[in-house]
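Asks: Questions regarding the structure given below will be posed in turn.
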Amino acid sequence: MSKLNDTNTIHWGIVGLGDVCQKKSGPAFYKCEGSDLAAVMRRTPGKAKEYAANQVPGGTCVGYEDIDEFLKHPGLDAVYVSTRPGRHLEICKKVAKAGKACYVEKPVGRCAEEAEEINKVFQDAGLKLYTAYISRAYERTQTVRKLLSEGAIGDKITNVSYKLVGSGGARDMTEDLPWRLDAEQSGGGLIMDVGCHVLDRIDYICGPLVNVKGRAENKHSPLVPVEDFVHLNAEFGEGTWAALSTDKGATVECTWDFASEEQTPFDELQIVGSKGSLKMAGMSPDGAVKVYNEKGELEQELTFDMPEHTAQALIQTVTNDLRGMEKSKILSDGDNAIRTQRVIDTALKSYYGGRESGYWARETWPGRPLQSTT
């Protein structure tokens, strides 16, 4: 990659043009300041050229069907890997070998071991790796950090809890076996696609999770091989990046019930402090943040606008970093992605009989329903 500074434009390429790219992230690469979407790649014949011609303004973006040809595109600086997680390692190795910086979708790997391998590929090559934990850059997340640092709920965090009932807004769930429920493609159930965001946000706001204990089950989906229920407990370790320090013995409890028969979906993240609490939806860029006092009385309710492209704020921050501008504390990299994956692996380990690379190829897992056939 050529030497960059704040006068440069970053010429981006995208591998994978699925649903996550269409609205959430793809347009940001040609809308961000100092960013140009120069090339896109998709294996399906004609789709990349169609996207380049119809979705990207200016008429200069080039569509490719072969990744090796794509990576030879003149002037390409960095690559966004937007494929299913099962292909991340293979593609990231090619990106690093081509000498390009990389921004990769979450979860980075299907397990921590795979995420660590991806991280090492870029470290060894002396290249930057960024990870798409986009909620760090939401105005809503930054407001929560500000509230905590200003003492809105006291001077210590004492407890964090999260509960989700429902799919958490997961996309592409209409097929008989959606790829998000195929461990070889996704790494597990919806905890991989949905839960990782909340876990990274807790890490980013409050500090790293340690002493994690968890379990996973398939409670409601006998024809699906992966888990649909995950529960974990943890404590907080030391994190210099936390918005507010945690009390000694502060705890975390999270529950995801993705296929519950309960009629009403539920999604709430609560941060309890020494003098109050914050409550908000975990899976929302624009949901309200509510501040309560020690008596449980509502003190403030802050509302936010829905971003047109939810990934744009983080992609702008990544682009700025590549241009050599001031480094932001919002950035998400391989280290925090690995921490999040280790937490998930701990909760899922007993279900899969281990979470080392390749577990997805075993004929069966201890937690797998007998009725599931795929």
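Asks: Restricting to the stretch 66-103, count the residues that are touching a strand residue (DSSP E or B) at 6+ places or on another chain (Cβ under 7 Å) and either of a type in the set (D, E, K, R) or without any contact (Cβ under 8 Å) to a residue 12 or more places away in the chain (or both).
Replies: Total satisfying the criteria: 2.
Asks: Considering every residue within the stretch 339-349, establish whether at least one is among the hydrophobic types (A, V, I, L, M, F, W, C), surrounded by 17 or more Cβ atoms within 10 Å (Cβ to Cβ) and without any contact (Cβ under 8 Å) to a residue 60 or more places away in the chain. Full working, then the answer.
Replies: The first filter runs over the stretch 339-349 and keeps only residues among the hydrophobic types (A, V, I, L, M, F, W, C), leaving 343-344, 347-348.
Pick out the ones that are also surrounded by 17 or more Cβ atoms within 10 Å (Cβ to Cβ) and you get 343-344, 347-348.
Adding the requirement that they be without any contact (Cβ under 8 Å) to a residue 60 or more places away in the chain leaves none.
Checked against the condition, which is being among the hydrophobic types (A, V, I, L, M, F, W, C), surrounded by 17 or more Cβ atoms within 10 Å (Cβ to Cβ) and without any contact (Cβ under 8 Å) to a residue 60 or more places away in the chain, the stretch 339-349 yields no hits at all.
Asks: Out of all the residues in the stretch 165-183, is one or more surrounded by fewer than 19 Cβ atoms within 10 Å (Cβ to Cβ) and modelled with pLDDT of 95 or more?
Replies: Checked the stretch 165-183: no residue is surrounded by fewer than 19 Cβ atoms within 10 Å (Cβ to Cβ) and modelled with pLDDT of 95 or more.
To keep it simple, each residue is scored yes or no on (1) part of a helix (DSSP H, G or I); (2) open to solvent by 60 Å² or more (accessible area, probe 1.4 Å); (3) touching a residue at least 24 places away in the same chain (Cβ under 8 Å).
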| residue | (1), (2), (3) |
| --- | --- |
| Trp12 | no, no, yes |
| Cys21 | yes, no, yes |
| Lys24 | yes, no, yes |
| Phe29 | yes, no, yes |
| Val40 | no, no, yes |
| Pro45 | no, yes, no |
| Ala48 | yes, no, yes |
| Tyr51 | yes, no, yes |
| Gly59 | no, yes, no |
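Asks: With a cut-off of at least 3 residues that are among the polar types (S, T, N, Q) and open to solvent by 10 Å² or more (accessible area, probe 1.4 Å), name the strands (runs of 3 or more DSSP E) lying wholly within the stretch 190-271. Before the answer, list the steps.
Replies: Working: elements: 209-217, 229-236, 246-257.
Result: 246-257.
Asks: If you take the residues of the stretch 196-255 that are in contact with a Ser or Thr (Cβ under 7 Å, 6 or more places away or on another chain) and of a type in the set (Asp, Glu), which of them is modelled with the lowest pLDDT?
Replies: Asp247
Asks: Can you name the condition, by its number, that Thr158 falls short on among (1) surrounded by fewer than 16 Cβ atoms within 10 Å (Cβ to Cβ); (2) out of contact with any helix residue (DSSP H, G or I) (no Cβ under 8 Å at 6 or more places or on another chain)?
Replies: Against the list (1) surrounded by fewer than 16 Cβ atoms within 10 Å (Cβ to Cβ); (2) out of contact with any helix residue (DSSP H, G or I) (no Cβ under 8 Å at 6 or more places or on another chain), Thr158 comes up short only on (1).
Asks: OK, next. Residue under question is Glu117, and the condition is that it be open to solvent by 30 Å² or more (accessible area, probe 1.4 Å), within 19 Å of Gly16 (Cα to Cα) and more than 17 Å from the chain's Cα centre (by Cα); does it hold?
Replies: Values: open to solvent by 30 Å² or more (accessible area, probe 1.4 Å): yes; within 19 Å of Gly16 (Cα to Cα): no; more than 17 Å from the chain's Cα centre (by Cα): yes.
So Glu117 does not fit the description; no.
Asks: Looking at Gly354, Gly334, which one is at pLDDT 95 or above, in contact with a helix residue (DSSP H, G or I) (Cβ under 6 Å, 6 or more places away or on another chain) and not polar (S, T, N, Q)? Walk me through it before giving the result.
Replies: Details: Gly354 fails: in contact with a helix residue (DSSP H, G or I) (Cβ under 6 Å, 6 or more places away or on another chain).
Exactly one of Gly354, Gly334 is at pLDDT 95 or above, in contact with a helix residue (DSSP H, G or I) (Cβ under 6 Å, 6 or more places away or on another chain) and not polar (S, T, N, Q), namely Gly334.
Asks: Quick one: which residue in Ala347, Ala337 is under 26 Å from Gln22 (Cβ atoms), outside any strand (DSSP E or B), in contact with a strand residue (DSSP E or B) (Cβ under 6 Å, 6 or more places away or on another chain) and among the hydrophobic types (A, V, I, L, M, F, W, C)? Reasoning before the result, please.
Replies: Working: Ala347 fails: under 26 Å from Gln22 (Cβ atoms).
Ala337 is the lone residue from the list that is under 26 Å from Gln22 (Cβ atoms), outside any strand (DSSP E or B), in contact with a strand residue (DSSP E or B) (Cβ under 6 Å, 6 or more places away or on another chain) and among the hydrophobic types (A, V, I, L, M, F, W, C).
The values are calculated or read from the model by the stated rules, or taken from the named source; none is laboratory data. Just so it is clear, the structure is predicted and the values come from calculations on it, not from any experiment. Glycine also receives a Cβ, built like all others from the backbone with ideal geometry; neighbour counts cover every protein chain displayed. To get the accessible areas, we keep the full protein, side chains included, count just its heavy atoms, and leave off ligands, DNA and RNA. Shrake-Rupley method; radii C 1.70, N 1.55, O 1.52, S 1.80 Å.
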